[in-house]
Amino acid sequence: MAYTSPLLSLPGAVAADAPDAGVAAHYGDLFREQRALARGEGLVDLSHREVVTVTGSDRLSWLHLLLTQHVSELPPGRATEALILSAKGHIEHAMYLVDDGTTTWMHTEPGRAAELIAYLESMVFFYRVEIADRTAEFAVVHLPAGSITESPAEAVVRETPHGRELFLPRGSLAEFAAAHGPAIGVLAHEALRVEGHRPRLGLETDHRTIPHELGWIGEAVHLQKGCYRGQETVARVHNLGKPPRRLVFLHLDGSEVVVPEHGAPVRLASDGPEGRQLGFVTTSARHHELGPIALALVKRNVPVDAQLTAGGTAAAQETVVEP
């Protein structure tokens, strides 16, 4: 059965589309909600995201062998990001982690927990770990940076530069939102993610994306740790410095009524609407200050000063990943 958040019953709530189906896109005023987040107010319902935990005395040393991030000595309460790669170095999973001293908590994209857990369970061998899908018990809630809302005692907190993520008991979600609102939709959250050039699995990635293309080196990939699946590709591309594609930030023509959809072709403006496709739009958004913006993945050799079109809309690029 498809998930439906209890916060979708709040006044003005408009349901989001995939991949964020089940929570609110907005509650009636997208730009007001963005401004509230920028001021450190409100909360974002991310209860459609899936929650996985790993317990056991070997959990951190075991995860260290599998993930792109250095987690063997991860202190309690310190947030980090990590990826799981294919043998060829392509991104398969992205997780957002924190350890509370006894349990490693992570959340991932909707619909991805079962596949993630299957892989983790296949790698247990003799290690003392237990893996669990905790999505039915815990909901993820985002509090923006600067929020004065106190984290409830029953929540596990993941503190990041962009705010706090709470693993909140699911039964407390509606009451917590009522006490610490206003509730803010995922479109506002996504607009600030695009502004911050932060990639997201399934939107900025496809079946052949490698971490270097998205600027995930450092944030989610530690270059000085030991072996993990796909490390050979990471090391080779890092040493050569030539990922095949690169993430760019686009300022879109504000006179257009609609913004380009995910997958819309990116071309050189000088080539016209039938020109050679150089990449594709990964996420677009309407920002309360910047206007329409987008992230896109383009070929590495696209000039950094080239004027582009995104789905036919004129676009000026900013470099996210250096060519």
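The values are calculated or read from the model by the stated rules, or taken from the named source; none is laboratory data. A quick note: this is a predicted structure, and the numbers were derived from the prediction, not measured. Counting neighbours? That spans all protein chains shown, and the Cβs are built from the backbone with ideal geometry, glycine included. In case anyone asks, the SASA skips ligands and DNA or RNA and just uses the protein heavy atoms, side chains included. Shrake-Rupley method; radii C 1.70, N 1.55, O 1.52, S 1.80 Å.
Here are a few things to note about the model shown:
- Residue list for segment 1-14, restricted to those being open to solvent by less than 60 Å² (accessible area, probe 1.4 Å) and either under 12 Å from residue 184 (Cα atoms) or of a type in the set (Phe, Trp, Tyr) (or both): 7, 8, 12, 13
- Filtered by the rule that a residue be of a type in the set (D, E, K, R) and closer than 13 Å to residue 44 by Cα, segment 151-171 gives 164, 165.
- With respect to the conditions (1) open to solvent by less than 20 Å² (accessible area, probe 1.4 Å); (2) touching a Pro at 6+ places or on another chain (Cβ under 6 Å); (3) assigned to a loop (DSSP other than H, G, I, E, B), residue 69 falls short on a single one, namely (2).
- The condition of being touching a Gly at 6+ places or on another chain (Cβ under 8 Å) and of a type outside the set (Val, Ile, Thr) holds for only one of 290, 247, that being 247.
- Some residue of segment 216-226 being assigned to a loop (DSSP other than H, G, I, E, B), modelled with pLDDT of 95 or more, surrounded by fewer than 23 Cβ atoms within 10 Å (Cβ to Cβ) and more than 12 Å from the chain's Cα centre (by Cα): yes
Results for (1) open to solvent by less than 60 Å² (accessible area, probe 1.4 Å); (2) at pLDDT below 95; (3) assigned to a loop (DSSP other than H, G, I, E, B), shown as yes or no for each residue.
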{"residue": "89", "(1), (2), (3)": "yes, no, yes"}
{"residue": "94", "(1), (2), (3)": "yes, no, no"}
{"residue": "105", "(1), (2), (3)": "yes, no, no"}
{"residue": "126", "(1), (2), (3)": "no, no, yes"}
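- Scan segment 258-271 for residues that are open to solvent by 20 Å² or more (accessible area, probe 1.4 Å) and either in a loop (DSSP other than H, G, I, E, B) or not assigned by the TED database to the domain that holds residue 314 (or both) and the total you get is 5.
- Whether a residue is within 23 Å of residue 184 (Cα to Cα), open to solvent by 30 Å² or more (accessible area, probe 1.4 Å), assigned to a strand (DSSP E or B) and of a type in the set (Val, Ile, Thr) was assessed, and residue 157 passes this test.
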